[in-house]
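What follows is a single structure, written as structure tokens, with notes after it.
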Amino acid sequence: MTFISKNFNILRAAKQKILVRTFLKKHAKFQVSSFKFISFNGRTLSFSFVDRKTGKKFFLKKFLYQDNGFENLSFSVLLDKKYDLVNKLTSAKLLSYSTYKLNNSGDIYIRDYVSGVTLLEYFMFLNASDFEQKSKQVIKYLQEVFIQMRKYKFFVSVDLHLNNIIVLNNGKIDLIDLDLVYIKVEEGSF
């Protein structure tokens with residue numbers, strides 16, 4: 001990355017942080033404090049914040065660009081599908097967090113902040129027996145997620161890698177990134 005593009009990305013991230021914080025202040029749902037930048041991948045910006053009313057911590061993702069091949073779908077359509085899937089997986093007790101959709105927030109995704117460690121970090125400290133046991137638990141968990149996705153004929157790329165699967169402090173497994181690549185599954189196609 002060149003010096004100019006790095007500085008441009010820093011400026012763009014700073015500008016988006018101000019825009020997102022201003023947007024949140026206009027909505028009475030949250031009284032934002034401790035608004036912190038988490039990451040920028042060129043396509044999305046991630047933040048965390050605490051709601052002063054409840055003391056709860058939240059995760060927020062701001063989408064800047066569409067995935068290739070989905071330029072004909074708006075962010076709001078893709079995010080509606082993401083909210084729907086997350087809510088269905090939460091109802092099936094496969095995710096431990098809830099989502100929060102705000103009006104006129106077609107490029108912003110908000111959910112409860114999830115504390116734990118990535119599966120990659122978790123695996124690094126396990127002995128062979130515990131590694132095998134936790135691996136089987138992860139495979140069973142992912143199988144249940146896929147069953148729900150098939151049941152609702154609703155597939156998105158779950159961006160499966162060890163950093164997007166988290167082991168919560170209580171040992172439960174969660175997916176923390178259901179990416180926005182949407183695949184419409186037609187009746188009878190599988």
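The values are calculated or read from the model by the stated rules, or taken from the named source; none is laboratory data. In this text the structure is predicted, and so the values were computed from the model without any measurement. We place every Cβ from the backbone using ideal geometry, glycine too, and count neighbours over all the protein chains shown.
Miscellaneous remarks
- Residue check for Tyr83: under 21 Å from Val145 (Cβ atoms), touching a Lys or Arg at 6+ places or on another chain (Cβ under 7 Å) and not in a helix (DSSP H, G or I): no
- Which listed residue is at pLDDT below 75 and not charged (D, E, K, R), from Tyr83, Tyr65, Tyr97: Tyr65
- Verdict on Leu162 being closer than 29 Å to Phe47 by Cα and modelled with pLDDT under 70: no
- When the stretch 13-45 is limited to residues that are closer than 24 Å to Gly55 by Cβ and among the charged types (D, E, K, R), the one that is surrounded by the fewest Cβ atoms within 10 Å (Cβ to Cβ) turns out to be Lys26.
- Pairs, first within 22 Å of Asp80 (Cα to Cα) and touching a residue at least 40 places away in the same chain (Cβ under 8 Å) in the stretch 133-154, second charged (D, E, K, R) and not in a helix (DSSP H, G or I), C-beta under 9 Å, six or more apart: Phe154/Lys184
- Candidate set: the stretch 39-60, residues that are in contact with a strand residue (DSSP E or B) (Cβ under 6 Å, 6 or more places away or on another chain) and hydroxyl-bearing (Ser, Thr, Tyr); chosen: the one nearest to Leu24 (Cα to Cα): Ser48
- Single residue of the stretch 117-132 satisfying the filter (outside any loop (DSSP other than H, G, I, E, B) and exposed (fewer than 12 other Cβ atoms within 10 Å of the Cβ)) that is nearest to the chain's Cα centre (by Cα): Met124
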